[in-house]
1. Given the whole protein assembly as supplied and a 1.4 Å probe, what does the accessible area of residue 178 come to in Å², nearest 10?
2. Work through the residues other than residue 130 whose Cβ is under 14 Å from its Cβ and net out their charges, Lys, Arg +1 and Asp, Glu -1.
3. Please report, largest first and rounded to whole Å, the three semi-axes of the ellipsoid equivalent to region 17-73, where each semi-axis is the square root of five times an eigenvalue of the C-alpha gyration tensor.
4. For region 95-175, what is the convex hull volume of the alpha-carbon atoms per residue, in Å³?
5. Size of the dipole of region 90-172 about the Cα centre, Lys and Arg at +1 and Asp and Glu at -1 on the beta carbon, nothing else charged, in debye to 20?
6. Subtract the Cα-Cα distance of residue 173 and residue 134 from 0.36 nm times their separation in residues, and report this length gain in nm to one decimal.
7. Ordered by residue, what ³J(HN,Hα) values in Hz, to whole numbers, does region 160-168 give under the Karplus form 6.51 cos²θ - 1.76 cosθ + 1.60, where θ = phi - 60° and Gly and Pro are x?
8. Just read off the accessible area of residue 65 with the full protein assembly in place, 1.4 Å probe, to the nearest 10 Å².
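The values are calculated or read from the model by the stated rules, or taken from the named source; none is laboratory data. Not measured: the values here are computed from a predicted model. As a convention, Cβ positions derive from the backbone with ideal geometry for all residues, glycine included, and neighbour counts pool all protein chains shown. Keep in mind that these areas ignore ligands, DNA and RNA; they rest on the heavy atoms of the full protein, side chains included. Shrake-Rupley method; radii C 1.70, N 1.55, O 1.52, S 1.80 Å.
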Amino acid sequence: MLEQYFSNSGYFEFPSFSVAVFTILLAVVLSTILALTYKFTYREDNFPNKFFQAIVLASIVSSMVMMAVGDNLAVGFGVLGAVSIIRFRTLLRSPRNIIFIFMSLSIGIATGVFGYAIAISGTILFCVIVTLLYYSPYGKMSPNKIELDVIATNTESLQNLITHLKNNSFNFSVVRIREQENGNTRYTIEVNLPPDTNSTLFFKSIQNIDGLTDIRYDSRDNVEQL
């Protein structure tokens, strides 16, 4: 049964039900392998489950679109017009995440045009290379650089903050000082957090310092207020 699928290298004008199901299932299996590789090589806290699902689901959508379009130019323009009215507002700030989504779409495209050998070999090689990079020196996480923005009601509270950062061996520097109308001072401090630092516990410890108010931090992907 499988031979009839892999031996056909051309388009089906209208794929049969069995061919369509096999194609979509293959896309699901390959994209799931891709998503598991992403999870295995993910080093940060709070694994994004929704992004894991997006990797799997994106291949299904692209595979269906490619099977529906086939080599029909008119249908292709129709799909392009339908997609153009959809506004995608989700931003992928990490280049690595963009590559994984693009790879998932590529799996769907390859299976959708019935290039099963390309889809399988490409997925295997991609996952192997990702795993090798994970264990290479380039797979190590770099320090998480953040900007800590606080209002100190007195000099003692600022000194307590600096002492706290020094005691935990955090590299930091004060990059901006602004006087407030009420007499308080707002400090912007750039801090390099080691890769193994629990950011949630770090910010809770900052919040426990007396005399600090309106505590904010600006990280790579988000802005939080405590």
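1. Here the accessible area works out near 80 Å².
2. +3
3. 28, 11, 8
4. Details: hull volume 9.9 nm³, N = 81.
Given the Cα convex hull of region 95-175, per-residue volume reads 122 Å³.
5. Using only the charged Cβ atoms, the result is roughly 240 debye.
6. Additional length available on full extension: 10.9 nm.
7. Calculated HN-Hα couplings, in order: 5, 5, 4, 4, 4, 5, 5, 5, 9 Hz.
8. Its heavy atoms expose roughly 50 Å² to the probe.
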